[in-house]
Amino acid sequence: MAASWPSWLAAPGAVAAQFLGVLWLVSGTTGPWGAAATAAAGGEELLKCEDLKVGQYICKDPKINDATQEPVNCTNYTAHVPCFPAPNITCKDFSGNETHFTGTEIGFLKPISCRNVNGYSYKVAVALSLFLGWLGADRFYLGYPALGLLKFCTVGFCGIGSLIDFILISMQIVGPSDGSSYIIDYYGTRLTRLSITNETFRKTQLYP
């Protein structure tokens, strides 16, 4: 004859099931699944538009100043271009407002590098060096009056100095004396100088 449990005392299987249910509920609200559920419910902070991945936004080309051939808003070697998040993306724009984008609203401004120019044209410098370099016109134009006078008095160091200056100016190694850059077409050929410092990351060379 099977023993019967009192009505006020639940069966051992039911008690175990209730106990496991309580444990599952606690772990679900405090564990990683609970965090995911909280994020899905809107508890996680909304992503900023500048943190979007490549392909989730498109940036326009900068507006170029005809006189300087650099972006019109170039300041301290940095300019900014507007970027538009893709349609149906929701993020915080540059003003901090939560926005659901349709593809036509500006989400953020992306910084790009630009150069400091001060009126010295690369084409003019090369032309002066080629045709009037033996008179020192190129050095006078770039702001080196002493070297220009010396070249004028020595007829471009007997032509050797004129040839060397033409090569250095053509390769953009010699530039204006004030440290600015040449005015070169924005989409033209430019020299990019690369330098290595103690903070430069060096990738380990793997040999076969």
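The values are calculated or read from the model by the stated rules, or taken from the named source; none is laboratory data. Keep in mind that this is a model prediction, so the values were computed, not measured. Glycine gets a Cβ as well: all are built from the backbone with ideal geometry, and neighbour counts include every protein chain shown. With ligands, DNA and RNA removed, areas are computed over all heavy atoms of the protein, side chains included. Shrake-Rupley method; radii C 1.70, N 1.55, O 1.52, S 1.80 Å.
Nonpolar atom fraction for region 113-173, defined as the carbon and sulfur part of the 1.4 Å probe accessible area, stands at 78 percent. Within straight-line reach of LYS110, meaning a Cα separation under 15 Å, sit the following aspartates and glutamates at least 8 residues removed in sequence or on another chain: GLU50, ASP51, ASP61, ASP93. Once the C-beta distance of ILE196 and THR154 is scaled by a Förster radius of 25 Å, the resulting FRET efficiency is 0.10 to the nearest 0.05. Each peptide in 178-191, 159-172 was scored by the mean count of other Cβ atoms within 10 Å over its residues; highest first, the order is 159-172, 178-191. Would you mind classifying region 135-177 by shape? Square roots of the alpha carbon gyration tensor eigenvalues, ordered a ≥ b ≥ c; an a/c under 1.5 is rounded, otherwise it is prolate if a/b is larger than b/c and oblate if not. Since a/c reaches 1.5 but b/c is at least a/b, the shape of region 135-177 is classed as oblate. Solvent-free Debye calculation, one equal scatterer per alpha-carbon of region 80-201: log10 I(q)/I(0) at 0.09, 0.22 Å⁻¹ equals -0.46, -1.12. Subtracting the Cα-Cα distance of ASN65 and SER180 from their residue separation scaled by 0.36 nm leaves 39.8 nm.
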